[in-house]
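**Q** Quick one: the structure is below, questions incoming.
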Amino acid sequence: MKIKPPQLKEGDWIGIVAPAGPVLKDEIQPGLDFLKSFGFEPVCSPHLYDQKGYLAGEDKARLKDLHAMFSDKKIKAVFCARGGYGTHRILQELDYGLFSRNPKILIGYSDITALLFALFKKSGLITLHGPVLRDLLKGGGRNAALLMKLMTSDGLITMNFPNGTTIRKGKAEGVVLGGNLRMICHLIGTPFLPSFKGKLLFMEDKGEPLYRIDRMLTHLFLSGEMEKCAGLMIGSFEECGDSASVFDLFRERCSRLSVPIVSGLPVGHGEQNVPLPIGARAVLDTRTMSLEFKEPWVGTRSD
């Protein structure tokens, strides 16, 4: 069963956590100031600035912070400070019942993909694939403005990508699922990967040479999951070499799929990273180059 988090309202407290890589205060201060300018009250977790090599502190500390933010009734949403690496290390220890009982908006991408997938699979919680706090003001503030609109409104939304290119024409309805290609591949064979059946799948990545993207796509096909999806959207592949070669690779590897396929989704590590609700139902239409959500992804608050 899907669980929708309540929408945000002015004055709400927003928790800040670092479940993956370490972050410095200076890196996220602009994001904290932005949240305050919208009338929210950011609350930093106790171990937010911890560092243990490439991790934001000990596993148990990152886990404790995440649990604490979802246990605290005053906290209405949780922002991940950055990606990096480390989310996979805490998936087995998460109290998934806690997230089901205390649904809140959770935002992140990149390494946080693993957390978004696991929460949807184990808790049924609809989360938001979107900018981490460190990247909030990228794209001239457009990503952040759209994010604020999505979190505070319970209306239906439509994402347009006019610069997209059709690989295979069509129109399909399904549940939106996706994120970082590398992180998705690392979940194969674990209990934290949601089925791709009936899903409108999207993927993005950064810093991967073409042969490794090929290997990851091949891995997904060998897993048997790719053939189950209802549609495929290709986001940005930053610092992955020639974009035309990446496009050609997807066209070749995904030619066996009889579903709508588009590239140019403004999602990922580039300047544009439009937020997408993971777990909400939508329609992908290659003719209009749009992703139209058929249900509100948040619940209406009465307070």
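The values are calculated or read from the model by the stated rules, or taken from the named source; none is laboratory data. Quick caveat: nothing in here was measured; it's all calculated off a predicted structure. Note that we place each Cβ from the backbone using ideal geometry, even for glycine, and neighbour counts take in every protein chain shown. All accessible areas refer to the heavy atoms of the entire protein, side chains included, with ligands and DNA or RNA removed. Shrake-Rupley method; radii C 1.70, N 1.55, O 1.52, S 1.80 Å.
**Q** Excluding ligands, DNA and RNA, what is the solvent-accessible area per residue of the chain at a probe of 1.4 Å, expressed in Å²?
**A** In whole numbers, the chain has 40 Å² accessible per residue.
**Q** What size of dipole, in debye to the nearest 20, comes out for the chain about its Cα centre when the only charges are +1 on Lys and Arg C-beta atoms and -1 on Asp and Glu C-beta atoms?
**A** Approximately 800 debye in magnitude.
**Q** GNM, the chain, Cα, under 10 Å: largest mean-square fluctuation among L257, L133, L291?
**A** Fluctuation is largest for L257.
**Q** Give me the net charge for the shell around A18: Cβ to Cβ below 9 angstrom, other residues only, Lys and Arg +1, Asp and Glu -1. Walk me through the numbers on the way to the answer.
**A** Working: positive: R62, R82; negative: D50, D65.
Charge balance in the 9 Å sphere: 0.
**Q** OK, next. How tilted is helix 25-37 with respect to the longest principal axis of the chain? Cα atoms for both, answer in degrees (0 to 90, nearest 10).
**A** Compared with the principal axis, the helix lies near 80 degrees.
**Q** Right, here's the next one. Where the only charges are on Cβ atoms (+1 Lys, Arg; -1 Asp, Glu), what is the dipole of the range 1-98 about its Cα centre, to the nearest 20 debye?
**A** Here the size comes out at about 280 debye.
**Q** Against the longest alpha carbon principal axis of the chain, how many degrees, from 0 to 90 and to the nearest 10, is the axis of helix 243-253 turned?
**A** On a 0 to 90 degree scale, this one is about 70.
**Q** Separate question: Can you work out the FRET efficiency for the pair E10 and L222, with r the C-beta to C-beta distance and R0 = 45 Å, to the nearest 0.05? Intermediate results must be reported in sequence, preceding the final value.
**A** Values: r = 49 Å, r/R0 = 1.08.
FRET efficiency, E10 to L222: 0.40.
**Q** What whole-number distance in Å separates the alpha-carbon centres of the range 142-175 and the range 57-110?
**A** Using only Cα atoms to place each centre, the spacing works out to 25 Å.
**Q** To continue, here is another question. May I ask for the percentage of alpha-carbon pairs in the range 230-303 that lie more than 21 Å from each other?
**A** 38
**Q** Relative to the longest principal axis of the chain, what angle (0 to 90°, nearest 10) does the C-alpha long axis of helix 142-152 take?
**A** Approximately 70 degrees, to the nearest 10.
**Q** At a Förster distance of 25 Å, what's the computed FRET efficiency of T165 paired with S37, Cβ-Cβ distance as r, to 0.05?
**A** 0.10
**Q** Still on this structure, please answer the following. Classify the chain from the C-alpha gyration tensor, please: rounded if a/c falls under 1.5, else prolate or oblate depending on whether a/b exceeds b/c.
**A** prolate
**Q** Show me 90-98, 175-183 ranked by packing, highest mean number of other Cβ atoms within 10 Å first.
**A** Numbers: 90-98: 15.6, 175-183: 25.1.
My ranking of the peptides, most packed first, is 175-183, 90-98.
**Q** Per DSSP H run of at least 4 residues, take -39500 (n - 2.57); add these up for the chain, divide by its residues and hand me the 222 nm value, nearest 500 deg cm²/dmol.
**A** After summing the helix terms and dividing by residue count, I get -8500 deg cm²/dmol.
**Q** Moving to a separate point now. Keeping the other protein chains in place, figure out the carbon and sulfur percent of the accessible area of the chain, with a 1.4 Å probe.
**A** Reported share for carbon and sulfur atoms: 49 percent.
**Q** Nearest 0.05, what FRET efficiency do Q51 and S153 give at R0 = 25 Å with Cβ-Cβ as r?
**A** 0.10
**Q** Report the net charge of residues surrounding T300, where surrounding means a beta-carbon distance below 10 angstrom and charges are Lys +1, Arg +1, Asp -1, Glu -1. Could you put the intermediate results ahead of the total?
**A** Details: positive: K4, R301; negative: D154.
Cβ neighbours under 10 Å give a net charge of +1.
**Q** Let me ask another. Can you tell me which of S110, S45, S223 moves the most in a GNM of the chain? Springs connect C-alpha atoms under 10 Å apart.
**A** S223
**Q** Could you compute the net charge surrounding G124? Neighbours are other residues with a C-beta less than 10 Å from the C-beta of G124; K and R count +1, D and E count -1.
**A** Local net charge: +4.
**Q** What full-extension length gain, to one decimal in nm, is calculated for E93 and R301 as 0.36 nm per residue of separation minus the Cα-Cα distance?
**A** 71.8 nm
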